[in-house]
Amino acid sequence: SFSVHYASFFPHLLAAQRKQIDAVLAPFLLSLDTLREVKNKMRAELEYGLKRETQASATVKMLPTYVCGTPDGTESGKFLALDLGGTNFRVLLVKIRSGRRRSVQMYNKIFAIPLEIMQGTGEELFDHIVQCIADFLEYMGIKGARLPLGFTFSFPCRQGTLVGWTKGFKATDCEGEDVVDMLREAIRRRNEFDLDIVAVVNDTVGTMMTCGYEDPNCEIGLIAGTGSNVCYMEDMKNIEIVEGNEGKMCINTEWGGFGDNGCIDNIRTKYDKQVDEGSLNAGKQRYEKMTSGMYLGEIVRQILIDLTKQGLLFRGQISESLRKRGIFETKFLSQIESDRLALLQVRRILQQLGLDSTCEDSIIVKEVCGAVSRRAAQLCGAGLAAIVEKKRENRGVEHLQITVGVDGTLYKLHPHFSRVLQETVRELAPQCDVTFMLSEDGSGKGAALITAVAKRLHNIGRKRGLIDKYLYAMRLSDETLIDIMARFRREMKNGLSRDFNPTATVKMLPTFVRSIPDGSEKGDFIALDLGGSYFRILRVKVSHEKKQTVQMESEIYNTPEDIIHGSGTRLFDHVAECLGDFMEKQQIKDKKLPVGFTFSFPCRQSKLDEGVLITWTKRFKASGVEGADVVKLLNKAIKKRGDYDADIMAVVNDTVGTMMTCGFDDQRCEVGLIIGTGTNACYMEEMRHIDLVEGDEGRMCINTEWGAFGDDGSLEDIRTEFDREIDRGSLNPGKQLFEKMVSGLYMGELVRLILVKMAKEGLLFEGRITPELLTKGKFETKHVSAIEKSKEGLNKAKEILTRLGVEPSHEDCVAVQHVCTIVSFRSANLVASTLGAILNQLRDNKGVGRLRTTVGVDGSLYKMHPQYARRLHKTTRRLVPDSDVRFLLSESGSGKGAAMVTAVAYRLSEQHRDNLFAFFLGYPPQLDKRLQGYRL
Ligand code: 0WK
Ligand code: 0WK
Ligand code: BGC
Ligand code: BGC
């Protein structure tokens, strides 16, 4: 220990004297047990401060800072920062650049805060602060710029309200006041410049952020300077006074108040009490007064006075200056204790203090300084050990690795403080591997980073709020969705009824498909799949070795715009040509295989192998086809070629194909749903409800063609100006209004129109509107899917928007992501409400309390969008609670389903032929029960 170390120097120091000095310093020598006890007491106080019921009376206040993240490198901009409360008052200009060449440039000026200002009126203090800001802005030539400001205010604040002054401050009319208001008023009083005060942060938080910018593992900020304090990232679930359990929030512990309830009185010495009584805030900040730079010198002075009174120092002469409070600054401790300093210099310091000393005196003074600073470092170490232990438990790990960002003159300048502190932490928290990172740039940088984040969150929040208001009409409540579900149900009934069908918008087209595959299908088929994103031709072999298997080979063919917008003849010639090419490749040109034609457009059918196109939808607009039977048109095109023959046995809608494809794997599948370029659904309806088709037995698949829902104006109350603009710019204005609010062909364009309008109103891209952004189709639905990807969505947004030339800010990207979410969420919600109507119909048809069914789904929007499926499932289950719905993704497309239907049609035609023979040979017709109700 110290005494043994020094005793050897001055053998003539009488043992008695030695003993007396040891007695005075003994209370400063804290054993490991005592320190461990302090650590445990600190831990208990931390918990008190976090708990709702004990928080109000806690001495360690555990103040929530609402800082929920450490810098992530996307911060950027120019910020003003104030740093008040430490040794120096600093005004800083901080320029932050993000991205690959991220950097932080800082310019600052230090201003003095005279004592009479620190302890004058609040008005004088804030006027002084504003004066300094004015000088700095003048000096930097930026008086006109209304910069965002981050204020490092190193005093205990609860949500911006000063709880109580500490250290050397005691300005009146400030405690209980909002710091931002006081600063704003002072700026108003001066009326010379304006600032956007965005954040007030504690210096511990600023320090953590400054170090966190370099080391993301930095989740603790420690100040060992004029004052003493620590903050750390706590789990939200442990912070009872703040709503929410997800993530973390930074807690400013204000551990300076530790012991104000007397819990460490057992280690407080009379000198500590003297210092406290002589301080500006007696009874408060007891732990701080044993550990921080403001008070260590004072403690030493008290001890020196006591030792002098005992005649053990300065020949018992107490000089005037030694009586002066605060005369023995803590920096003297650092100087006196630095090993490099010879005793002579110690004496010189004492001289400056008007203390005439001997060598013994300076050794004793050095010993006293050592005892006081060592205790301070150990006590800080004990407190910090409690914090890192808590972090380790929060993470539930055996061994914790963490970084502590540190600042403060005591830690930086005292020769031993930092080492003793670190040793103490290592001894008291052996399972924690703590890296101490000195904050080079002070907390001003941290404050600017927090301001950047707060500004961004504020802007984002403001923008989100604006967008929510803006797109209010697109956020549909469950009440509205249930209403739309009821409306659609009515439309279904109209479509099914003979009387209303002619005027119904939801056509409810009979498909003459009477059941899903029953496992008996077999054969070699060709399937055409036209109308989705791709035109696909497939060869489908359904065989029956042990169990039924399906083999498929397919080719994708282009459908160039000039073909799908040209004449119907050219279109079907193109289809026939592709089919010819496919059969060539399959070497089956000599075969006349049954063909199933998935034609994804509204067709009226009176039998399986007939499909009269009612109207084109999506991208198609070929002339001379609407009102015609597409089977005939295709047969004609094939005949015209004469190089192969095909037997088109069935034309099915892609929803039907999808239902059949999924029905092959799941017998419960009785609904087919497409959410792709277009949208639509089919389902198995009871024959007795289908007025347009003879018979009441069994069921038939109905192609709802719900894309046209609302074409009669029944959705005008939820259609927005953007939906109307989409419709006006479409190939089929006034038609497929529901589809245009929901499907993939239009979603990207919807978002683009919203972005253009918001940019025009200066809500986005600082009002920048580029030719690309104004170009139709430039913002695609696949972009919406990419931007809504949780992890890389924002980067994608930046990439896509940059390509559109609008130079998006981070906020813009977040805002655009929000717009995409609102538009795609509305789509999923709307589909859930119309699907819900179909599910209710099925449940009522079956007369069951709870419906169990499977919905076969396909379509690029449903498949590619990262959140769409989940949202659709969730809303559907909320809107139709008494149903167990399985959503089965169609892996292999509707081609397989089309082949299944064709297999049935084929068997029908076989039987027909057989019966004809039988009839001519005078035998009664054989009816295959499975073909009941089918019609060719
Ligand atoms: C430098 C920081 C400041 C903090 C100070 C504490 O920039 O925010 O208050 O350290 O150390 P002190 O100056 O009190 O020793
Ligand atoms: C794949 C199916 C096809 C359907 C398409 C719809 O095989 O019949 O038309 O899905 O999705 P889209 O390609 O329009 O996104
Ligand atoms: C204040 C803290 C501050 C610390 C270090 C204490 O007196 O109460 O808010 O963090 O000093 O500056
Ligand atoms: C068509 C439907 C088709 C849907 C999905 C709509 O535009 O009218 O027949 O099922 O798109 O492809």
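For the reader, a short list of remarks on this structure follows.
- Verdict on Asn394 being surrounded by fewer than 24 Cβ atoms within 10 Å (Cβ to Cβ), touching a residue at least 60 places away in the same chain (Cβ under 8 Å) and within 30 Å of Leu93 (Cα to Cα): no
- Subset tally (residues that are out of contact with any helix residue (DSSP H, G or I) (no Cβ under 8 Å at 6 or more places or on another chain) and either part of a loop (DSSP other than H, G, I, E, B) or open to solvent by 30 Å² or more (accessible area, probe 1.4 Å) (or both)) for region 288-333: 5
- Qualifying residue in region 230-242 (condition: away from ligand 4 (no atom under 16 Å from the Cβ), surrounded by fewer than 24 Cβ atoms within 10 Å (Cβ to Cβ) and of a type in the set (Ser, Thr, Tyr)): no
- Qualifying residue in region 289-300 (condition: away from ligand 4 (no atom under 16 Å from the Cβ), over 21 Å from Val420 (Cβ atoms), modelled with pLDDT of 90 or more and under 59 Å from the mean Cα position of the chain (by Cα)): no
- Top-ranked residue in region 656-706 [being among the aromatic types (Phe, Trp, Tyr) and in a helix (DSSP H, G or I); ranked as farthest from Leu839 (Cα to Cα)]: Phe664
- Among the residues of region 159-177, those that are without any contact (Cβ under 8 Å) to a residue 24 or more places away in the chain and either touching a Ser or Thr at 6+ places or on another chain (Cβ under 9 Å) or away from ligand 1 (no atom under 16 Å from the Cβ) (or both) comprise Thr161, Glu175, Gly176.
- Pairs meeting the criteria (first residue in region 434-460 and of a type in the set (A, V, I, L, M), second residue within 16 Å of ligand 3 (Cβ to nearest atom) and open to solvent by 30 Å² or more (accessible area, probe 1.4 Å), beta carbons under 7 Å, at least 6 apart or on different chains) are Leu438/Lys412.
- Residue ID - most open to solvent (accessible area, probe 1.4 Å), chosen from residues in region 741-758 that are in a helix (DSSP H, G or I) and within 11 Å of ligand 4 (Cβ to nearest atom): Leu745
- Within region 166-181, the set of residues being open to solvent by 20 Å² or more (accessible area, probe 1.4 Å) and either within 16 Å of ligand 4 (Cβ to nearest atom) or under 30 Å from Ile96 (Cα atoms) (or both) comprises Asp178, Val180, Asp181.
- Total residues in region 98-111, condition assigned to a strand (DSSP E or B) and either of a type outside the set (D, E, K, R) or touching a Gly at 6+ places or on another chain (Cβ under 9 Å) (or both): 8
- Whichever residue in region 612-625 is under 16 Å from Asn653 (Cβ atoms) and of a type outside the set (Phe, Trp, Tyr) and, among such residues, is nearest to ligand 2 (Cβ to nearest atom): Lys618
- When Gly777 is tested against (1) at pLDDT below 95; (2) open to solvent by less than 10 Å² (accessible area, probe 1.4 Å), exactly one condition is not met: (2).
- Selected residue (criterion: farthest from ligand 4 (Cβ to nearest atom)) from residues of region 243-260 that are under 18 Å from Gly396 (Cβ atoms) and in contact (Cβ under 8 Å) with a residue 12 or more places away in the chain: Lys248
- With respect to the conditions (1) open to solvent by 20 Å² or more (accessible area, probe 1.4 Å); (2) under 19 Å from Thr451 (Cα atoms); (3) within 12 Å of ligand 3 (Cβ to nearest atom), Val163 falls short on a single one, namely (2).
- Among the residues of region 504-517, the one identified as under 47 Å from the mean Cα position of the chain (by Cα), at pLDDT below 95 and open to solvent by 30 Å² or more (accessible area, probe 1.4 Å) is Ser515.
- Residue pairs meeting the criteria (Cβ under 8 Å; at least 6 apart or on separate chains; first more than 21 Å from Leu379 (Cα to Cα) and within 13 Å of ligand 3 (Cβ to nearest atom), in region 207-235; second open to solvent by less than 10 Å² (accessible area, probe 1.4 Å) and not β-branched (Val, Ile, Thr)): none
- Of all residues in region 879-909 being charged (D, E, K, R) and more than 16 Å from ligand 2 (Cβ to nearest atom), the one that is most open to solvent (accessible area, probe 1.4 Å): Arg886
- Ile110 open to solvent by less than 30 Å² (accessible area, probe 1.4 Å) and of a type in the set (A, V, I, L, M): no
- Condition met for Leu162 (aliphatic (A, V, I, L, M), at pLDDT 95 or above and either farther than 30 Å from Val420 by Cβ or away from ligand 4 (no atom under 16 Å from the Cβ) (or both)): yes
- Residue within region 137-158 that is surrounded by 19 or more Cβ atoms within 10 Å (Cβ to Cβ), outside any loop (DSSP other than H, G, I, E, B) and without any contact (Cβ under 8 Å) to a residue 60 or more places away in the chain present: yes
- Verdict on Phe488 being away from ligand 2 (no atom under 16 Å from the Cβ) and farther than 28 Å from Ile754 by Cα: no
- Wholly enclosed strands (runs of 3 or more DSSP E) of region 533-603 bearing at least 2 residues β-branched (Val, Ile, Thr) and within 13 Å of ligand 2 (Cβ to nearest atom): 535-544
- Residues that are out of contact with any strand residue (DSSP E or B) (no Cβ under 8 Å at 6 or more places or on another chain) and within 19 Å of Met492 (Cα to Cα), drawn from region 699-720: Ala708, Phe709, Gly710, Asp711, Asp712, Gly713, Ser714, Leu715, Glu716
- Within region 406-431, restricting attention to residues that are buried (at least 22 other Cβ atoms within 10 Å of the Cβ) and more than 25 Å from Ile110 (Cβ to Cβ), the residue that is nearest to ligand 1 (Cβ to nearest atom) is Leu421.
- For Val60, the requirement of being crowded, with 18+ Cβ neighbours inside 10 Å, in contact with a Phe, Trp or Tyr (Cβ under 7 Å, 6 or more places away or on another chain) and assigned to a loop (DSSP other than H, G, I, E, B) is met.
- The helices (runs of 4 or more DSSP H) located wholly in region 339-414 that include 3 or more residues which are charged (D, E, K, R) and away from ligand 4 (no atom under 16 Å from the Cβ) occupy 359-395.
- When Lys621, Lys592, Lys640 are checked against the criterion of being away from ligand 4 (no atom under 16 Å from the Cβ) and either farther than 27 Å from Phe664 by Cβ or surrounded by 20 or more Cβ atoms within 10 Å (Cβ to Cβ) (or both), Lys640 stands alone in meeting it.
- The single residue among Leu421, Leu384, Leu413, Leu400 that is more than 20 Å from Met208 (Cβ to Cβ) and not polar (S, T, N, Q) turns out to be Leu413.
The values are calculated or read from the model by the stated rules, or taken from the named source; none is laboratory data. Since we're looking at a predicted model, the values are computed, not measured. When we count neighbours, we look across all protein chains shown, and the Cβ atoms used for this are built from the backbone with ideal geometry, even at glycine. For the accessible areas, the whole protein counts, side chains as well, though only heavy atoms, and no ligand, DNA or RNA atoms are used. Shrake-Rupley method; radii C 1.70, N 1.55, O 1.52, S 1.80 Å.
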